[in-house]
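Read the structure below first, then the notes.
Since every read-out is calculated from the coordinates, none of them should be taken as a lab result. Every value quoted in this text rests on a predicted model; they were computed, and no experiment measured them. We place every Cβ from the backbone using ideal geometry, glycine too, and count neighbours over all the protein chains shown.
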Amino acid sequence: METQPLVTIVPWTFIAQILNLFIQVYLIKRFLFKPINEMLEKRQKLATKELDDARASKEAADALKEDYEHRIEKAHDEAAAIVSSAQKEAELRSDEMLADTQAQIVNMKSKAEADIEHEKKKAINEVKDEIGGIAMDIAGKVVEKEINEEDHRRLIDSFIENVGEAS
Amino acid sequence: MDVDITGARIFFTIHTGIPWLGDIPISETIVVTWIVMAVITITCIVLTRNLKVENISKKQALAEMLVETANNFVRNNTGGNKFDGLIPFVSALFSLSIVSNLISLVGLRSPTADLSTEAAWAVVVFIMITAEKIKAGGVGGYLLGFTQPIPVLTPFNILSEIATPISMACRHFGNILSGIVINTLIYSGLTLASHALFGLIPGAIGSFLQQIPFLTVGIPAITGVYFDWFTGVMQAFIFSMLTIMYIANAAEG
């Protein structure tokens, strides 16, 4: 078979190799760089999108957290208010009850004292009446005696009997 | 024993009546270049099949790595994104060169063992360098550049300008050719040694074993590590590197 010289430049081969080089440039661009670069771009877009999404969801979560914290704080305040109001009420009520009781006691005491006084007065009055009665009786008896010794005697006896009865 | 090293074989020629250019020879160089291009293109297609954004396969990781390496190679040597348009060109040049150099390992003749190939590449690079220079300084600036620093140096400047593509082409071609020459010499040397060694065995067995070049098994593989693998990769790298550096320098003016 025919061979070309070892070191030579064949014009047609030269031209063909230039064309081959540019064809290869196109092929490598079309089949390696284009798909890979497109894919890389897509990946970058996806990464950017995911980052944005993550940022957005973080913001949302932060807002939610703040909201919750706010609410919890509010709830705490409310609870504290409720507790303090209840305490106040209880204190008030206990004070009231204490005052009531004290008033009652005072009342009862005064009533009892009044009762005692009354009873005392009653007793004194009774005693007074009795004494009056006795005096009247005695006076009567004294008057009767003058009329009748016998009657007088009897009167004394009855008086004594009466006194005995009364005592 | 005759050792004969020739150029690429010519399978057939297409007759044209064109003067000076002559007939179109369909040589090994052309055919193997097509094979090389097919190998590169099919590799690209296979690597970029089923591209995914997430959960990428090893294949895709390799493809991405190749693209990233090419991008970084060009960007690091030009210092910026200004020459991103050149990335496919440099990649094509590098892949053509390296696959052409290494295809000799499967027994085909490297297209880079034909000076026409390297000359074609170097001329394309030279045109790009010149285009960049003219783009940077205008036609006047480009022409004036030859008279720097003193007009006396003009012939030397022109010479050095022309020397650029010639040296690029010849450097690459020379390395590949020397690999072929040395491999051929080693083969024939080992065949001769084998012939002489087994010729020591007397009788019919000796003259039979003499015909089989036993020593050529194994030893060329070791020398091939340097002359085929290392030189092949190195020359492809150097050629691409020089291309990108010359063009970047040209743009700086």
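On the beta carbon distance between A:K122 and A:N162, with R0 = 25 Å, the FRET formula returns roughly 0.75.
Dividing the convex hull volume of the alpha carbon atoms of the protein assembly as shown by its residue count gives 397 Å³ per residue.
Here the 3J(HN,Hα) profile of segment B:202-214, calculated from phi with Karplus coefficients 6.51, -1.76 and 1.60 at θ = phi - 60°, is x, x, 5, 4, x, 6, 6, 5, 4, 6, 9, x, 4 Hz, Gly and Pro shown as x.
The protection proxy used here, the mean number of other Cβ atoms lying within 10 Å of each residue, ranks peptides A:16-22, B:47-53, B:111-117, B:2-8 as follows, highest first: B:111-117, A:16-22, B:47-53, B:2-8.
Charge dipole (Cα centre; +1 on Lys/Arg Cβ, -1 on Asp/Glu Cβ; no other charges) of the protein assembly as shown amounts to roughly 4780 debye.
Restricting to DSSP loop positions (anything but H, G, I, E, B) with no more than 13 other Cβ atoms inside 10 Å of their own Cβ, which GluC sites (Glu not before Pro) remain in segment A:1-64?
On the way: sites: A:E2, A:E38, A:E41, A:E50, A:E59; in loops: A:E2.
Those that pass, being in a loop and sparsely packed, are A:E2.
Under a model in which nothing but the beta-carbon of Lys, Arg (+1) and Asp, Glu (-1) is charged, segment B:45-183 shows a dipole of about 240 debye around its Cα centre. Between the amide H of A:T3 and those of B:I10, distances stay under 5 Å, these residues lying 5 or more places away or on another chain, with hydrogens modeled in the peptide plane. How about A:K65: which lysines have a C-alpha closer than 17 Å to its C-alpha, ignoring those fewer than 8 places off in the same chain? The qualifying lysines are A:K74. Coupling constants for segment B:133-146 follow from the phi torsions by the Karplus curve (6.51 cos²θ - 1.76 cosθ + 1.60, θ = phi - 60°), and in residue order they are 5, 5, 4, 6, x, x, 5, x, x, 5, 5, 5, x, 6 Hz; glycine and proline get x. Compute and list, largest first, the equivalent-ellipsoid semi-axes of segment B:137-243 from the alpha carbon gyration tensor, each √(5λ) rounded to a whole angstrom. Equivalent ellipsoid semi-axes, largest first: 53, 14, 7 Å. Does anything in segment B:80-96 have its amide N under 18 Å from the 7 Å Cα→Cβ label point of B:T69, and if so which residues? Those under the cut-off are B:87-96. The lysines whose alpha-carbon is closer than 17 Å to the alpha-carbon of A:K88, local same-chain residues fewer than 8 away aside, do not include any residue. Each principal axis of the Cα cloud of segment B:195-243 was evaluated for its coordinate range; sorted largest first, these ranges are 60, 13, 11 Å.
How much mean residue ellipticity at 222 nm does chain B get from its helices, if each DSSP H run of length 4 or more adds -39500 (n - 2.57) and you divide by all residues, to the nearest 500 deg cm²/dmol?
Numbers: 8 runs with 168 residues, N = 253.
Theoretical 222 nm ellipticity from helices: -23000 deg cm²/dmol.
Scan chain A and note any complete DSSP helix (H) whose C-alpha atoms cover at least 18 Å along its axis and whose Kyte-Doolittle average is 0.5 or more. Let's see the in-between values first.
Values: long enough: A:11-28 (25 Å, 1.44); A:34-147 (163 Å, -0.80); A:149-166 (24 Å, -0.91).
Within chain A the helices that satisfy the rule are A:11-28.
Just need log10 I(q)/I(0) for chain B at q = 0.16, 0.17 Å⁻¹, Debye formula, equal scatterers on the alpha-carbon atoms, no solvent, rounded to two decimals. Cα-only, vacuum Debye calculation for chain B: -1.24, -1.30.
Taking R0 as 56 Å, what's the FRET efficiency between A:S110 and A:E150 from their Cβ-Cβ distance, rounded to 0.05?
Values: r = 56 Å, r/R0 = 0.99.
Here the calculated transfer efficiency is 0.50.
With a 10 Å cut-off around each Cβ of B:121-134, the average count of Cβ atoms from other chains is 1.
Rg then Dmax, both in Å and based on the Cα atoms of segment B:6-100: 18.7, 59. Residues whose amide H lies under 5 Å from that of A:V10, counting only those 5 or more places away or on a different chain, are B:S116; hydrogens are built 1.01 Å from N in the peptide plane.
The mean count of C-beta atoms from other chains within 10 Å of the C-beta of residues in A:43-50, rounded to a whole number, is 1.
Compactness ratio of segment A:59-149: Cα Rg over 2.2 N^0.38 Å, N = residue count?
Working it through for segment A:59-149, the quotient is 3.09.
Find out how many positive minus negative residues lie around B:T13, taking Lys and Arg as positive, Asp and Glu as negative, among other residues whose Cβ is under 9 Å from that of B:T13.
Details: positive: none; negative: A:E2, B:D23.
Value of the local net charge: -2.
Dipole magnitude for segment B:1-86: about 480 debye, using +1 per Lys or Arg Cβ and -1 per Asp or Glu Cβ, origin at the Cα centre.
Straight-line cross-link reach from A:K128 at under 15 Å between alpha-carbon atoms covers these aspartates and glutamates, not counting any fewer than eight positions away in the same chain: A:E119, A:D137. The share of alpha-carbon pairs in chain A lying farther apart than 20 Å comes to 83%. Simple rule: put +1 on each Lys or Arg Cβ and -1 on each Asp or Glu Cβ in the protein assembly as shown, find the dipole, and look at B:T184, A:A75, B:Q60; the Cα lying farthest toward the positive end is B:T184.
Spatial offset of segment A:60-133 relative to segment B:125-189 amounts to 115 Å, using the alpha carbon center of each. Put simply, the amide H of B:T13, placed in the peptide plane, has neighbours under 5 Å in B:I26, leaving out anything fewer than 5 places away on its chain.
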